[in-house]
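Report on one structure; see the data block that follows.
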Amino acid sequence: MLIMQLVMLLWSYFSVVLTDPGGVPPNYRPIVDEERGDVDRLTGSEFSSLTTSEPTHARIRYCRKCNHIKPPRCHHCSVCGRCVLKMDHHCVWVVNCVGAQNYKYFLLFLFYTLLETSLVTLSLLPYFVAFFSDGEIAGSPSTLATTFLAFVLNLAFALSVFGFLIMHASLVSGNTTTIEAYEKKTSPKWRYDLGRKRNFEQVFGTSERYWFIPAYSDEDLRRMPALQGLEYPSKPDLDSQEF
Ligand SMILES: [Zn+2]
Ligand SMILES: [Zn+2]
């Protein structure tokens, strides 16, 4: 049980570390919806916006540092020195940016870390209780100290990861990234909010068999542009093409 979880934890961890979160392809041109006219109504505060002659073309976001047009939900990471697709945050723990193509792996890494640390905490609980009872405890003082420390550290880790996971669960259910939530773009109406179930699928894919492993089914990769990170279905899209 513990070993299985550890395998999943390591698999998820290396998937986040080694998977490119997604960069902007050279000569990227946004797909302009002729009917709706807009590309992305969002504007990054740190970047200038090019306003096209057509008023309906709201604003096209441009990254001055990389000198290219930014796809929707893309942000510039100052640590990586490049634009990252659907950037969530730059994570020092995984020495990588967390974005469109590795966000699911990051969440699974958190999930398995929580399971692992919770199980270790539980398995050490009897020793911890014995430590404070008057009963006779087996083991040398140094082993006891190590066990005590392991218990406290695992508990602290489990609790903080739990809090982080709860935060991300609420982000996923609203189809927002940490950056987007921080910039308070969710109010009043968030255009990428497709409803809780679809929002979940936008990150985890539609095939249940793949929900708990850091991978996607070929079908999902083919059918869901959001997993690549350049295009995202938004509410008006779904209204016009019912599926
Ligand atoms: Zn950039
Ligand atoms: Zn980064």
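Couple of notes before you dig in:
- Top positive-direction residue, dipole computed over segment 63-175 with Cβ charges, set 171, 68, 156: 68
- Of all accessible heavy-atom area on segment 79-215, the percent that carbon and sulfur account for (1.4 Å): 69 percent
- P(r) tail, segment 115-233: Cα-Cα pairs separated by more than 22 Å, 55% of all pairs.
- Near residue 96, the amide H atoms lying under 5 Å from its own belong to 91; only residues 5 or more places off or on other chains count, and H is placed 1.01 Å from N.
- Solvent-accessible surface of segment 92-218, averaged per residue with a 1.4 angstrom probe and all protein chains in place: 56 square angstrom.
- Sorted peptide list for 204-216, 108-120, criterion being average Cβ within 10 angstrom, highest first: 108-120, 204-216
- Amide H contacts for residue 84 (H built 1.01 Å from N in the peptide plane; partners 5 or more residues away or on another chain; cut-off under 5 Å): 75, 76, 77.
- HN-Hα J in Hz across segment 114-123 - Karplus 6.51, -1.76, 1.60, θ = phi - 60°, x for Gly and Pro: 4, 4, 4, 5, 5, 5, 5, 4, 5, 5
- Dipole magnitude of segment 99-225, debye to nearest 20 (Cβ charges: Lys/Arg +1, Asp/Glu -1, about Cα centre): 740 debye
The values are calculated or read from the model by the stated rules, or taken from the named source; none is laboratory data. Being a predicted model, the structure only gives us computed values, none of them experimental. For neighbour counting, all protein chains shown are included, and Cβ atoms are generated from backbone atoms with ideal geometry for every residue, glycine included. Surface areas here come from the heavy atoms of the whole protein model, side chains and all, with no ligands, DNA or RNA. Shrake-Rupley method; radii C 1.70, N 1.55, O 1.52, S 1.80 Å.
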